[in-house]
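A short worksheet on the structure shown next.
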Amino acid sequence: MIDLNEHSSLEMLQALPLWKENEQLLSRESAGESNMNLVLRINTNLRSVILKQSKAYVRKFPQIPAPIERIEIEHTYFQLLQGDEILKQYSPRILLYYPEEHILLIEDLGNGIDFTFLYKPASQLAYDDLESLSKYLNALHQLKLPNFPDNSAMKKLNHEHIFHFPFLEENGFDLDSIQPGLQELSLTYKTDHLLKNAISKLSKRYLADGDCLLQGDFYPGSWLKTTDGLKVIDPEFGFMGEREFDLGVFAAHLDLAQQEESVFKDFLQLYQHPFSMELLNAYQGVEIMRRLIGIAQVPVSLDLTQKKSLLDKARMLILT
Ligand SMILES: Nc1ncnc2c1ncn2[C@@H]1O[C@H](COP(=O)(O)OP(=O)(O)OP(=O)(O)O)[C@@H](O)[C@H]1O
Ligand SMILES: [Mg+2]
């Protein structure tokens, strides 16, 4: 396999069978923040494109293996969404799929920003954007696609990092390196057997097959602000599951970003599908916890006291 990286030469990239006739590559740069895959923005004499290549490991941590077929999931997902009048407005077009090298060439949505600015103090999710997110999930969560790949390898990886690893007392991840005192705080939850039992039960629901297509990682890092409105990217964790999973993850990140309670209430007014609030709460709770005490941290602006109250809220969401 041709293992590309940010420093791969233009000659090497030009030699790949991805380009139009007479297309000359002019420059390449990293497209933005990313951990899992190689994501490049490539400028040519004809256009600007995004090249995404999955690897058999996590790009930023090559010692951690990761399912290389995740790019295929992304391809299938985006192709399906192009067939839907609403969802295609919120998605980049696929320009080319080169499965032999696990490369996807995607429409460049512009050098905009993702929504992780929401984690900064006093930033608010605009109502327009909330509406876009609701239109997206309304359209997505009604797709019945029995043949969508089960994505079981990525689910297994996510299962480990959502439901298991964060709650191990000895997992080798020193939370004090994130924030002094966080390690000790985390022990309250890591030693809570009632909580851990409930999480273990929930994890089995996550692993089971469901009947509705999920984005699978519906958080501000997967949303892009573009001149053409909000877009949703990075569906590599997509699978057929329970709607409450996408909803719970979304709600968790509104909490992590300290948004007013009314934001999610407004969202639920716009959301059109039936769901169980209890199940949504449970997924919300576990997502809050794994983002605060697991390895997949997000850039929150919370002191230790705020983290404790959010972790306590998360515990209640899971247990009641
Ligand atoms: N189609 C696109 N148009 C413009 N920018 C994009 C596009 N796709 C990705 N990017 C930029 O590249 C970044 C990384 O992309 P993406 O999230 O798909 O990669 P990833 O390796 O799966 O990331 P992660 O490790 O967060 O899962 C995005 O945050 C965004 O800034
Ligand atoms: Mg990703």
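Please treat every number below as a calculation from the coordinates, not as lab data. Only a predicted model underlies this, so the values are computations on that prediction, with no experimental measurement involved. We place every Cβ from the backbone using ideal geometry, glycine too, and count neighbours over all the protein chains shown.
Determine, from the Cβ-Cβ distance of Asn138 and Asp211 and an R0 of 22 Å, the FRET efficiency 1/(1 + (r/R0)^6), rounded to the nearest 0.05.
E between Asn138 and Asp211, to the nearest 0.05, is 0.85.
What does a probe at Asn147 reach in segment 85-108, counting residues whose amide N is under 11 Å from the point 7 Å along Cα→Cβ?
none
Specify the angular offset, from 0 to 90 degrees and rounded to the nearest 10, of the alpha carbon long axis of helix 261-270 from the longest principal axis of the alpha carbons in the chain.
60
For segment 42-107, which GluC sites (Glu not before Pro) are in a loop by DSSP, counting at most 12 other Cβ atoms within 10 Å?
In loop regions of segment 42-107 (DSSP not H, G, I, E or B), the sparsely surrounded GluC sites (Glu not before Pro) are Glu85.
Which FRET efficiency value, to the nearest 0.05, is calculated for Glu131 and Glu107 with the Förster distance at 35 angstrom and r the Cβ-Cβ distance?
My answer for the efficiency is 0.95.
Can you pull the one-decimal nm distance between simple spin-label points at Asn22 and Gln297, each 7 Å off the Cα toward Cβ?
5.1
Please go through segment 130-197 and write out the trypsin sites (Lys or Arg not before Pro) that DSSP classes as loop and that have at most 10 other C-beta atoms within 10 Å.
Hits after loop and neighbour filter: Lys144.
Only sites in a loop by DSSP and with at most 14 other Cβ atoms within 10 Å count here; which trypsin sites (Lys or Arg not before Pro) in segment 22-58 make the cut?
Of the trypsin sites (Lys or Arg not before Pro), the ones in loops of segment 22-58 whose Cβ has at most 14 other Cβ atoms within 10 Å are Arg47.
Considering only Cα-Cα distances, which of the following residue pairs are longer than 19 Å: Lys55/Lys144; Lys120/Lys196; Lys156/Lys201?
Check vs 19 Å cut-off fails for Lys55/Lys144; Lys120/Lys196.
Under the classification rounded if a/c is under 1.5, otherwise prolate if a/b is larger than b/c and oblate if not, where does segment 113-319 fall, given a ≥ b ≥ c as square roots of the Cα gyration tensor eigenvalues?
Because a/c hits 1.5 or more and a/b fails to exceed b/c, segment 113-319 counts as oblate.
Relative to the present Cα-Cα distance, how much length would full extension add between Ser9 and Lys204 at 0.36 nm per residue of separation?
Fully extending the segment from Ser9 to Lys204 adds 65.7 nm.
May I ask you to compute the full-extension gain from Ile64 to Asp228, defined as 0.36 nm times their residue separation minus their alpha-carbon distance, rounded to one decimal in nm?
Length gained between Ile64 and Asp228: 55.4 nm.
Run the simple label-point estimate for Gln79 and Thr188 please: 7 Å along Cα→C-beta, distance reported in nm.
4.9
Can you give me the distance in nm between label points at Asn45 and Phe173, each placed 7 Å from the Cα along the Cα-to-Cβ direction?
Distance between the two pseudo-spin positions: 4.8 nm.
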